[in-house]
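Peer 1: Got a structure for you, written out below as structure tokens; questions coming shortly.
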Amino acid sequence: MQAVRTIGLDIARSVFQVHGDDAAGNVLIRRQIKRRYVLAFFQKLPPCVVGIEACATSHHWSRQLQAIGHTVRLMPPAYVKPYLKRQKNDAADAEAICEAVTRPSMRFVETKTPEQQSCLMLHRTRHLFIRQQTAEINSIRAHLAEFGIVARVGRQGVEDLLDVVADPKETRVPEVARACVAALGIQLRMLKTQILEFDRRIMAGASRNGRSARSCS
């Protein structure tokens, strides 16, 4: 184990695959490790280069392994794929990662900090909510169109449709349909509120970053 120079780590939900080579490319390690034992395993190794595909949880593991002295290099999966020599499985993936990370022409992904990942999560969640908001609006319009009730395009048009549903004197909408559309309206308004809150957070973050940049100039 003292001669291990490069490790390819194929991360997974519960069982990880490790492939380790020495400086001459001889295989020294080829084994599976349960998630809870990964850090303990790497703590016993001398500092070496660890290659990981840039995918879900890879930035977390990169930070963890760097904290105990290893050099971690994240690579886009598409760049690792050409080094796969045999049928795809965890062992073959780890071997391909181990080879790819040594290539001088390989491009690496910078490890994100927790703060950077939080910011990325904020934008992705906002984008998800916007897609859900669009789906809710389309559902409301489509459902009410089945009863001949339509409204102008735009945000106000949807509000007009919800006002129709909320009117107890409106006889065109059966009670079951009224309850369904009303529930969609509640969800739509909750989504709008959450999107506005995310917009506020994004603007506040941009403002802080702007002030920091100006203070350093």
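Peer 1: Which one is surrounded by the most Cβ atoms within 10 Å (Cβ to Cβ), of the residues in the stretch 54-75 that are hydroxyl-bearing (Ser, Thr, Tyr) and more than 14 Å from residue 13 (Cβ to Cβ)? Break it down into steps so the answer makes sense when it comes.
Peer 2: Keep residues of the stretch 54-75 that are hydroxyl-bearing (Ser, Thr, Tyr), which gives 57-58, 62, 71.
Of the ones still in play, those that are also more than 14 Å from residue 13 (Cβ to Cβ) are 62, 71.
Numbers: 62: 23, 71: 13.
Result: 62.
Peer 1: Another question, if that's okay. Just wondering, is there one or more residues in the stretch 80-88 that are within 21 Å of the chain's Cα centre (by Cα) and either open to solvent by less than 90 Å² (accessible area, probe 1.4 Å) or closer than 18 Å to residue 27 by Cα (or both)? Working first, answer last.
Peer 2: Keep residues of the stretch 80-88 that are within 21 Å of the chain's Cα centre (by Cα), which gives 80-81.
Filter once more, keeping what is either open to solvent by less than 90 Å² (accessible area, probe 1.4 Å) or closer than 18 Å to residue 27 by Cα (or both): 80.
Within the stretch 80-88, one or more residues are within 21 Å of the chain's Cα centre (by Cα) and either open to solvent by less than 90 Å² (accessible area, probe 1.4 Å) or closer than 18 Å to residue 27 by Cα (or both).
Peer 1: Going by the structure shown, is residue 177 free of Cβ contacts under 8 Å to residues at least 60 places away in the same chain, over 30 Å from residue 85 (Cβ atoms), surrounded by 17 or more Cβ atoms within 10 Å (Cβ to Cβ) and among the small types (Gly, Ala, Ser)? It would help to see each step written out before you state the result.
Peer 2: Numbers: free of Cβ contacts under 8 Å to residues at least 60 places away in the same chain: yes; over 30 Å from residue 85 (Cβ atoms): yes; surrounded by 17 or more Cβ atoms within 10 Å (Cβ to Cβ): no; among the small types (Gly, Ala, Ser): yes.
Considered against the rule, which asks whether it is free of Cβ contacts under 8 Å to residues at least 60 places away in the same chain, over 30 Å from residue 85 (Cβ atoms), surrounded by 17 or more Cβ atoms within 10 Å (Cβ to Cβ) and among the small types (Gly, Ala, Ser), residue 177 comes out as no.
Peer 1: Check the stretch 32-53 and report whether any residue there is open to solvent by less than 70 Å² (accessible area, probe 1.4 Å), more than 14 Å from residue 12 (Cα to Cα), without any contact (Cβ under 8 Å) to a residue 24 or more places away in the chain and outside any helix (DSSP H, G or I).
Peer 2: no
Peer 1: All but one of (1) β-branched (Val, Ile, Thr); (2) surrounded by 14 or more Cβ atoms within 10 Å (Cβ to Cβ); (3) over 30 Å from residue 18 (Cα atoms) hold for residue 101, so report the exception by its number.
Peer 2: In the conditions (1) β-branched (Val, Ile, Thr); (2) surrounded by 14 or more Cβ atoms within 10 Å (Cβ to Cβ); (3) over 30 Å from residue 18 (Cα atoms), residue 101 misses (3) alone.
Peer 1: Ok, one more. Looking at residue 157, is it part of a helix (DSSP H, G or I) and small (Gly, Ala, Ser)?
Peer 2: Details: part of a helix (DSSP H, G or I): yes; small (Gly, Ala, Ser): yes.
When the stated conditions are applied, residue 157 passes them.
Peer 1: Might you check whether a residue that is in a helix (DSSP H, G or I), at pLDDT 95 or above, touching an Asp or Glu at 6+ places or on another chain (Cβ under 8 Å) and open to solvent by less than 40 Å² (accessible area, probe 1.4 Å) occurs anywhere in the stretch 194-203?
Peer 2: Within the stretch 194-203 (the criterion being in a helix (DSSP H, G or I), at pLDDT 95 or above, touching an Asp or Glu at 6+ places or on another chain (Cβ under 8 Å) and open to solvent by less than 40 Å² (accessible area, probe 1.4 Å)), the answer is no, since none of the residues qualifies.
Peer 1: Hey, any hits in the stretch 111-128 for a residue that's open to solvent by 40 Å² or more (accessible area, probe 1.4 Å) and touching a strand residue (DSSP E or B) at 6+ places or on another chain (Cβ under 7 Å)?
Peer 2: no
Peer 1: Another question, if that's okay. Just to check your reading of the model, which residue among 62, 14 is of a type in the set (Gly, Ala, Ser) and touching a residue at least 24 places away in the same chain (Cβ under 8 Å)? Steps first, answer last, please.
Peer 2: Values: 14 fails: touching a residue at least 24 places away in the same chain (Cβ under 8 Å).
On inspection, the qualifying residue turns out to be 62.
The values are calculated or read from the model by the stated rules, or taken from the named source; none is laboratory data. These numbers were taken from a predicted model, which means no experiment stands behind them. Backbone-built Cβ (ideal geometry, glycine too); neighbour counts: all protein chains shown. Please note that ligands, DNA and RNA were not included when accessible areas were found on the heavy atoms of the full protein model with its side chains. Shrake-Rupley method; radii C 1.70, N 1.55, O 1.52, S 1.80 Å.
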